[in-house]
Amino acid sequence: MKSTNISLILIITILILISIDFPIEIRFQTTLFNYLFVLFLLVALLLLSYKKLSKVKSLFFKIFGFVIHLLFGIFILFFSLTSTYGVLKNKTDPSFEMIKEIVAGNRYFRLYRTNEGATTSYGLVLREEHNLPFGLKTIKIIFSKYKVYDATIKLISPNKLKINIKPYYKNQKSDKIIYKF
């Protein structure tokens, strides 16, 4: 197998694995690096597939492939500008904002507020994160809920965390969850 084919398969596999929710995931500690890594993979995919396309003999398929690559390139440019702008401007991801953190040994329990834009409601995600060498971290999602704005987290013993979810609507009751680790 040629190196271009192997590279294409590897890039596509990594992109698929990034988009699948595994029980434990590996990410960069810096939010901007996560965005840039995906951008790098998309640009590499575009360039390698264009290299494969250049070997096609049919003029119709070359023109068709060029148009597809041009549209995909415009999408990548739009994606990179819109998604990284907020991260560069605010130094955080405005759609995934960390609001609380508790450190227990080498574990970081971080509560994030999700905000996908004007037509959606807020949500919360509580993750257990471990820092790794080379600027990486492991992530385990403990809790997530949609249509909730705020919660408190408290370490109630060396191996228990209490999550108190505040109601989203006035007629709702608050939820309490105990997480053992």
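The values are calculated or read from the model by the stated rules, or taken from the named source; none is laboratory data. Everything numeric in this text was worked out from a predicted model, so none of it was measured. Note: ideal-geometry Cβ built from the backbone for every residue, glycine included; neighbour counts use all protein chains shown.
When restricted to residues that are under 30 Å from Phe109 (Cβ atoms), touching a residue at least 24 places away in the same chain (Cβ under 8 Å) and touching a Ser or Thr at 6+ places or on another chain (Cβ under 9 Å), the range 35-51 contains 3.
Filter the range 157-176 down to the residues that are loosely packed, with under 12 Cβ neighbours inside 10 Å, polar (S, T, N, Q) and assigned to a strand (DSSP E or B) and list them by number. Passing the criteria: only Ser157. Of all residues in the range 52-65, those that are closer than 23 Å to Ile9 by Cα have Cβ atoms under 8 Å from Cβ atoms of residues that are of a type outside the set (A, V, I, L, M, F, W, C) and assigned to a loop (DSSP other than H, G, I, E, B), 6 or more apart or on another chain, in Lys62/Ser54. For the condition modelled with pLDDT under 85 and not aromatic (Phe, Trp, Tyr), Ser80 qualifies. Only one of the listed residues (Ile9, Ile63) is over 18 Å from the mean Cα position of the chain (by Cα), in a helix (DSSP H, G or I), closer than 24 Å to Leu136 by Cα and not assigned by TED's automatic domain parsing to the domain that holds Arg127. That residue is Ile9. Would you say Tyr149 is farther than 20 Å from Pro23 by Cα, among the hydroxyl-bearing types (Ser, Thr, Tyr) and over 16 Å from the mean Cα position of the chain (by Cα)? Yes; evaluated as a whole, the condition is true for this residue.
Residues considered: Lys154, Lys145. Of these, the only one that is assigned to a strand (DSSP E or B) and surrounded by 13 or more Cβ atoms within 10 Å (Cβ to Cβ) is Lys145.
Which residue pairs have Cβ atoms under 7 Å apart, sit 6 or more places apart or on different chains, and have a first residue in the range 11-34 that is surrounded by 11 or more Cβ atoms within 10 Å (Cβ to Cβ) and a second that is among the acidic types (Asp, Glu) and not in a helix (DSSP H, G or I)? From the range 11-34, the pairs are Thr31/Asp93. Among the residues of the range 3-25, at least one is at pLDDT below 90, touching a Lys or Arg at 6+ places or on another chain (Cβ under 7 Å) and over 20 Å from Thr114 (Cα atoms).
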